[in-house]
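Every number here is computed from the coordinates shown, using simple stated rules; none is lab data. Computed from a predicted model, the values in this text were never measured in an experiment. Cβ placement follows ideal geometry from the backbone for every residue including glycine, while neighbour counts extend to all protein chains displayed.
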Amino acid sequence: MKYGFIGCGNMGGALAEAASRSIGEGELLLADQDLEKARTLAARIGGKVASNEELAAECDFLILGVKPQMMGSLLKALSGHLEARREKPVLVSMAAGLSLDNLRGMLGVECPWIRIMPNTPALVGEGRILYAAPGVAPAAKAAFLKLFEGAGELLELEERLIDAGSALSGCGPAFVYLFIEALADGAVACGLARKDALALAAGTVYGSAKMVLETGAHPGALKDAVCSPAGSTIAGVAALEQASFRGAAMEAVIKAYEKTRQLGKE
């Protein structure tokens, strides 16, 4: 089986690298406007560089890692090659805001589609990939899940919820990185070395997230367990609340969702 990746940027490259750990005897084909970028990735993960047209003509799965604004022109260029194929490939889109109906209309050729929204921790096998695959054959869906099992966890959603989910898991890593950086800055201001502060901040976030996932406890209950009466932790929590930390975090997700919806209309 052949798997083609068009677009080898941060997200496309991360998924291609994750897929390289799962394809077994399959073949990985890579294409990008920046040929050197595709070659560098291919050398690292054992793929082969080819053109967009070659991928469209040969691959069983075609993963499209291009920006929403570029999707229309890409699909127009590929449509003839896809039309000529007796057995159509499964097309996988990670373009923010573009619905499956949008994508089908742009292509104009009847092909099975899977819409995904991954995140960058897929590069280290800790990603979250949201997907919607209505009407995709069970065997093709199983192959898709196998392809990306090395990227992290996959969660199937109704397509109408993909944009909301992507505002959290797709954009969320940037919010978390900002939080980690801010925690480290605070520790540096208190005298800790930058290297130690970053390691402690990242490790604290990682361990706390693992507590939520593995205990199943509500985050509020876990927070309360750390906050002793009149202690240091509740003083810090009060400072975050006074600065509207909770509201700012909620608003970040809402604004990201609204922008994602807007991208689908442009």
### Task
About the Cα centre of the chain, how large is the charge dipole given +1 on each Lys and Arg Cβ and -1 on each Asp and Glu Cβ? Please answer in debye to the nearest 20.
140 debye
### Task
Just rank 59, 8, 227, 111, fewest to most, by other beta-carbon atoms within 10 angstrom.
227, 111, 59, 8
### Task
Rank these for me by crowding, 260, 120, 233, going from fewest to most other beta carbons within 10 Å.
233, 120, 260
### Message
For a protection proxy built on the mean count of beta-carbon atoms within 10 angstrom, sort 204-216, 24-36 highest first, please.
### Response
24-36, 204-216
### Query
Of all DSSP beta bridges in the range 2-160, what percent run antiparallel (nearest 5)?
10 percent
### Task
Give the relative contact order (percent, whole number) for the chain; include only Cα pairs under 8 Å separated by 6+ residues.
16 percent
### Task
Specify the inter-centroid distance of the range 166-214 and the range 52-69, based on alpha-carbon positions, in whole Å.
36 Å
### Query
Taking amide H positions as placed 1.01 Å from N in the peptide plane, with prolines and chain starts having none, which residues 5 or more places from residue 27, or on another chain, fall under 5 Å of its amide H?
2, 3
### Message
Could you give the length gained by full extension between residue 204 and residue 179, i.e. 0.36 nm per residue of separation minus their alpha carbon distance, to one decimal place?
### Response
7.9 nm
### Task
Between beta-carbons, use under 12 Å as the cut-off and find the net charge around residue 127, counting Lys and Arg +1, Asp and Glu -1.
-3
#### Entry: Whole-number percent relative contact order across the range 135-266, with pairs defined as alpha carbons under 8 Å at least 6 apart
29 percent
### Task
Net charge near residue 152: determine it from the other residues with C-beta under 12 Å of the C-beta of residue 152, scoring Lys and Arg +1 and Asp and Glu -1.
-1
#### Entry: By average C-beta atoms within 10 angstrom, highest first, the peptides 237-247, 172-182, 61-71
61-71, 172-182, 237-247
### Query
Given the Cα-Cα distance of residue 101 and residue 238 and 0.36 nm per residue of separation, how much length would full extension add, in nm?
44.7 nm
### Task
Find the percent of Cα-Cα distances in the range 172-263 that exceed 15 Å, and round it to a whole number.
72 percent
